[in-house]
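Notes follow the structure.
The values are calculated or read from the model by the stated rules, or taken from the named source; none is laboratory data. If you're wondering where the values come from, they're calculated on a predicted model, not measured in any experiment. For neighbour counting, all protein chains shown are included, and Cβ atoms are generated from backbone atoms with ideal geometry for every residue, glycine included. Heads up: the accessible areas ignore ligands, DNA and RNA and are worked out on the full protein's heavy atoms, side chains in. Shrake-Rupley method; radii C 1.70, N 1.55, O 1.52, S 1.80 Å.
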Amino acid sequence: MSSKHLRLGAALLCLSATTTLVSCGNSDDDAAGGRTTLNYWLWDDKQMPAYQECATAFEKANPDITVKITQTAWGQYWQNLTTQLTSGEAPDVWTDQASYYPQFATSNQLLDLQPLVDRDKVDLSAYQAGLADIWVKDGKRYGLPKDWDTMALTYNTAQLKKQGVDAAELDKLTWNPTDGGTFEETIAKATVDTEGRNGLDPDFDKNHVKTYGFLAEWADGSQGQNGWGDLAAANGFTYVDKNPWGTHYTYDDPKLAETIAWFKRLIDKGYAPRFDKQSSVANSELLIAGKGAMMVSGSWTISTFTNPKNQQKFAFAPLPTGPNGRKSPINGLSDAIWAGTKHPDQAWKWVKFLASANCQNLVAERAVVFPALKSATRKALAAHQAKGDDVTAFTDVAAAKGETFQLPVTEHGTEINPMVQDAIQSVILGRDKPEAALKSVNDKVNDLFK
């Protein structure tokens, strides 16, 4: 197809678009005007203002480059990106996530940044430990670290206090898959029926619950980052034979089955809502509305719970310690460059800026996420403290030795996600036994690698 027809097709696509989801920059017009427009995509609306501020600073330092930022919600983001890559109209730079990036790397859609990192002597040791490593495959580097997150308990302070739970107790919770430890005891205390009786009362009515002690997450893919995966790791479960780029998953591990069975018993006791009765409302909204007392949440949601408009007050506590210790996943995003960009030099300048203190310090000041640079993380923590918010449950676990683990990065991640999620949901719904469901799905997952 001629370049003329390509430009005409892109123009028609732009005219038919009803949102800003389509990359419509005209590189010829940019060149004629002496400026280059880079299209940059991200999904988090809460981070949009910080990165717009970064773009303004970048454009001031690089007056020949304009950065056009497009923000799209998570689900639509990946659908749009896949469509744009297929049509050859992808953004120059996009925010990448570890579950999705293997498919882009395998299909040669990402620019190898390692030669540029070497040439410009980018200090990879300045980032939180492990964040830079997951973006490397076969000696090629497909992104620079952007931010990181860990998990903690978020709880309604008034609800737990009313049920006699001291905040200091939450820092020392224990858990095991047999009786749930002090974690389950606390969840039971925090669960209240419509007559005001908590879950430890012999007369507690599990069929008429006003406030659940714990809100579990079941639309959580193959990793269970928002709950089951954390406790499974604390029980000694590991996802895959090696990480990154393992080729044999271990979802048939009895340690995982025990963990999922415990969650099912929590529901059966009335301490957590039944999955088949849950609405489409997010757990964070249910917690804020007083329908639950506690949940596992990621550090990227901190501002949701510290919002001064909330009528309830929320605080954060460490995840409970299991038989294998306390375990939180530490996950990081990167900024990746499309291999087909017409502006590789300018795109590298932008990605290098995004990964630098010049941008990450701006992100830190807004206290929405923890930037990947260790120095910027300290600034973000100080910004939270200045607002009176104690978020050390997220940072302490990242600093502690042996308390974090990397979520699996392998081929077929986007295929594995729904398969494992369906299997776990079938157990939670009572349709299948944990051992049988997990053994079956594990065989199917590993068949993908044959």
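The table that follows gives values for the structure above.
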read-out: Efficiency of FRET between D118 and D345 - r from beta-carbon atoms, R0 22 angstrom, step 0.05; value: 0.90
read-out: Area of V117 that stays accessible when all protein chains are in place (1.4 Å probe, Å², to 10); value: 0
read-out: Accessible surface of K313 - all protein chains present, 1.4 Å probe, nearest 10 Å²; value: 130
read-out: Between 0 and 90°, nearest 10: helix 344-354 axis offset from the chain longest Cα axis; value: 40
read-out: Cross-link table K291/K401; K242/K264; K269/K327; K210/K255, entries beyond 27 Å C-alpha to C-alpha; value: K291/K401; K242/K264; K210/K255
read-out: Distance violations [Cα-Cα > 24 Å] among K189/K439; K46/K121; K309/K387; K121/K349; K68/K137; K146/K313; value: K189/K439; K46/K121; K68/K137; K146/K313
read-out: Shape of segment 340-450, Cα gyration tensor, a/c cut at 1.5; value: oblate
read-out: On Cα atoms only, tilt of 434-447 relative to the major axis of the chain in degrees; value: 20
read-out: For T174, solvent-accessible area (1.4 Å; no DNA, RNA or ligand), Å²; value: 60
read-out: Centroid-to-centroid separation of segment 257-290 and segment 85-143 [C-alpha atoms, Å]; value: 37
read-out: Accessible area per residue in Å² at 1.4 Å probe, computed on the chain; value: 44
read-out: Loop trypsin sites (Lys or Arg not before Pro), segment 63-152, which have at most 10 other Cβ atoms in a 10 Å radius of their Cβ (DSSP); value: K121
read-out: Nearest-0.05 FRET efficiency for N307 and S107, computed from C-beta distance (R0 41 Å); value: 0.55
read-out: Tensor-based shape of segment 180-247 (alpha-carbon gyration tensor, a/c under 1.5 rounded, otherwise prolate or oblate); value: prolate
read-out: Average Cα contact separation per residue, segment 32-126, under 8 Å, 6 or more apart, as relative contact order %; value: 33
read-out: R366 versus W74: modelled label distance in nm, points set 7 Å from Cα along the beta carbon direction; value: 1.9
read-out: Value at 222 nm in deg cm²/dmol, rounded to 500, when DSSP H runs of n ≥ 4 in the chain each add -39,500 (n - 2.57); value: -12000 deg cm²/dmol
read-out: Over segment 201-310, relative contact order from alpha-carbon pairs under 8 Å, at least 6 apart, %; value: 38
read-out: In segment 381-450, chymotrypsin sites (Phe, Trp or Tyr not before Pro) in a DSSP loop with at most 14 other beta-carbon atoms within 10 Å; value: F449
read-out: Per residue Cα convex hull volume in Å³ - calculated over segment 317-384; value: 117
read-out: Positive-end extreme of charge dipole, the chain - chosen from N358, A272, W43 (charges on Cβ); value: N358
read-out: Label-point separation, K242 to D268 (7 Å along Cα→Cβ), nm; value: 4.0
read-out: Label corresponding to Rg and Dmax of the Cα atoms in Å when calculated from the structure given, among [x] 61.6, 217; [y] 23.2, 78; [z] 21.4, 69; value: [y]
read-out: Bins of 10 Å from zero: percent of alpha-carbon pairs in segment 209-311; value: 13, 42, 30, 14, 2
read-out: Label-point gap, in nm, between D179 and A386 - each point 7 angstrom along Cα→Cβ; value: 4.8
read-out: Normalised contact order of the chain, rounded percent, pairs of Cα under 8 Å and 6 or more residues apart; value: 23
read-out: Rounded percent of accessible protein surface that carbon and sulfur make up, the chain, 1.4 Å probe; value: 50
